[in-house]
């Protein structure tokens, strides 16, 4: 049996080599852009004193939901400062912010197209299945090969890994909008574009925001793994704690990831529940 | 000759992949059941009718009879498989997307069964929606929407959200939205079917009252025969995709086109449909005797019973001071049965319904 096998791996290697030859300038630009945006944002986040940042993020949570989330969020973030992981946490946060922005900017239009066309939906769905079930570490390899070791490789892998729920929930949200309301838009002579803007997107917003929330969570879990290919931040701390069998450092870095995750989850969920439909549910 | 507000010609809608094959067979006279075996659903078959300006044209049929499909072909929400719909001078089927939108914006508005209001917009914004689509400036939009809301008795509710309103009030918003569009034609798809009976009755009264003032051309879809008879100037009866009869309520009651329609109208409250003029025996003029009760020709029979009870003399039907006919108690009773109403044209073996 072992004498002959499909040389799938070889084909992929050849394909990647071809990609590299043909699109080198594109990858260069992508690398430079990701690298630059990460450096700038990471610098910006550690620019103010850590306590000021904690207060700022706490205030943001307060605005989003209320004083309890504000105080709780600030207290949890203060713990990160106290275990001296603040700078790493801010680097991780920078990675998350950039990858989430890129993933959402790609995912929402794709989700809209999938909601409007059966064909697009049928093509997109298996691709998403593939993206979600492929072990995420595998994405790191082409990332490194194509644009080199460092945060940028981890960011590309993270975008690919985190995008699917954004697409899926955008499509679902739009498809769930009451068909009769959309029909009413048509019956009064609206254009498809204004139906999308005035009816479908506002009514799907809550579901889309749930998707964005998922994108953030997946992105956070992936940027930690991206430590394997040289992405800085909490991921790198986790990796070095593994290689040094340093339980203490592992727990500190891991706990920081958890705090960051819960903070981002609660705040984005709170923002989602301020959408038009959610407000209605409160009134009714 | 009156120019029809809406005219359809040989209109077909067949759902399914082999629609064209089914269409050809139907045109060759195949029965609906025969083409269903092709895996298609013939929803509307060969519908030809005219809606006159200013009338309420009711399309009445049970669920699955194709009436909702039919109304959606009138404004092009569903493209016809074959046939034509003429609105004004336009053939709806021949319009491109932009012209179709213009037609919907400017000529026909619609009221939906489940209201189809924008849940995230206030009552005022909902009523103003067609004007917004049309690009009317904001201040004027609000003003005209306010006027429409006032017409349906919703003044004071402008800033509420639809979810804060009862079902009947929501449909008033739906009605106000259609009125605010100021189109000559209004399509109403089972507009009152989701409301409970008391509210439904109220809405019917309101529609009739508004119609007296505004004189719109209304196509009204319903599965409720009493509603059809109450509202419709003329009624199109649909069954399994075909229009089987188009006539006034009285015409359908007096001469049902087939057994299906006859069976259908059995339970109608005849006293509230038939008028004195249709059951009277013509009289050669003259004037009523002293003490003889009188009614106008347009009086519903429900309102003739009282006068008939009050005197042993037959009720005189008086038009413009002239006696045009008389109604004996016997003919009043006979009119309450399907056979009596047909003026004895149909052989009298059907059961007598309770009057």
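The numbers here are math on the coordinates, done by the rules we state, and not lab data. Computed from a predicted model, the values in this text were never measured in an experiment. Quick reminder, even Gly has a Cβ in these numbers, built from the backbone with ideal geometry, and neighbours come from all protein chains shown.
Scaled to the globular estimate 2.2 N^0.38 Å, the Cα spread of the range B:273-341, given as radius of gyration, is 0.99.
Packing order of peptides B:52-63, B:208-219, highest average first: B:52-63, B:208-219 (average count of other Cβ atoms within 10 Å over each peptide's residues). Each stretch of four or more DSSP H residues adds -39500 (n - 2.57); spread over every residue of chain B, this sum gives -9500 deg cm²/dmol at 222 nm. Taking only the C-alpha atoms of the range A:87-211, Rg followed by Dmax gives 17.3, 56 Å.
So what is the calculated 222 nm ellipticity per residue for chain A, using -39500 (n - 2.57) for each DSSP H run with n of 4 or more, over all residues, to the nearest 500 deg cm²/dmol? Only helices count here, giving -28000 deg cm²/dmol. Relative to the compact-globule estimate of 2.2 N^0.38 Å, the Cα radius of gyration of the protein assembly as shown comes out at 1.37.
On C-alpha positions alone, give me the angle between the axis of helix B:97-106 and the longest principal axis of chain B, in degrees, nearest 10. Rounded to the nearest ten degrees, it is 50. GNM on chain B, alpha-carbon springs under 10 angstrom: the most fluctuating residue among B:269, B:259, B:46 is B:259.
In chain B, Cα pairs under 8 Å separated by at least six residues give a relative contact order of 16 percent. Applying 1/(1 + (r/R0)^6) with r as the Cβ-Cβ distance of residue A:105 and residue B:263 and R0 = 56 angstrom yields a FRET efficiency of 0.35. If you take the beta carbon distance between residue B:90 and residue A:51 as r and set R0 to 60 Å, what does 1/(1 + (r/R0)^6) give as a FRET efficiency, to the nearest 0.05? With R0 = 60 Å, the Cβ-Cβ based efficiency is 0.30. Note on chain B: along the principal axes its Cα atoms extend 66, 56, 39 Å, ordered by decreasing extent. Length available on full extension from residue A:84 to residue A:21: 0.36 nm per residue minus the Cα-Cα distance, which gives 18.3 nm. Each label point was placed 7 Å from the Cα along the Cα-to-Cβ direction; for residue A:244 and residue B:287 their separation is 12.1 nm. Dividing the convex hull volume of the alpha-carbon atoms in the range A:196-262 by its residue count gives 84 Å³ per residue. Using the Cβ-Cβ distance between residue B:155 and residue B:193 with R0 set to 22 Å, the FRET efficiency works out to roughly 0.25.
For the pair the range A:166-218 and the range B:238-266, the centres of their Cα atoms are 43 angstrom apart.
For chain A, modelled as a GNM whose springs connect Cα atoms under 10 angstrom apart, the maximal fluctuation among A:18, A:86, A:51 occurs at A:18. Using only Cα atoms and rounding to the nearest 10 degrees, what angle (0 to 90) does helix B:138-151 make with the longest principal axis of chain B? The angle comes out near 20 degrees. Mean partner shielding of peptide B:106-116, defined as the number of other chain Cβ atoms within 10 Å of each residue Cβ, is 4. Across peptide A:174-186, the mean count of Cβ atoms from other chains lying within 10 Å of each residue's own Cβ comes to 4.
The distance between label points at residue A:117 and residue A:68 comes to 4.7 nm (points 7 Å beyond Cα on the Cα→Cβ vector). Angle of helix B:197-214 to the longest C-alpha principal axis of chain B, folded into 0 to 90 degrees and rounded to 10: 80°.
Per the Cα gyration tensor, the range A:136-284 maps to an equivalent ellipsoid with semi-axes of 40, 19, 9 Å, ordered largest to smallest.
Here the spin labels are modelled as points 7 Å beyond Cα on the Cα-Cβ line, and at residue B:106 and residue B:138 they lie 2.7 nm apart. Taking every C-alpha pair closer than 8 Å and separated by at least 6 residues, the mean separation divided by the residue count of chain A gives a relative contact order of 22 percent.
Using 0.36 nm per residue and subtracting the Cα-Cα separation, the extra length available between residue B:271 and residue B:330 on full extension is 19.8 nm.
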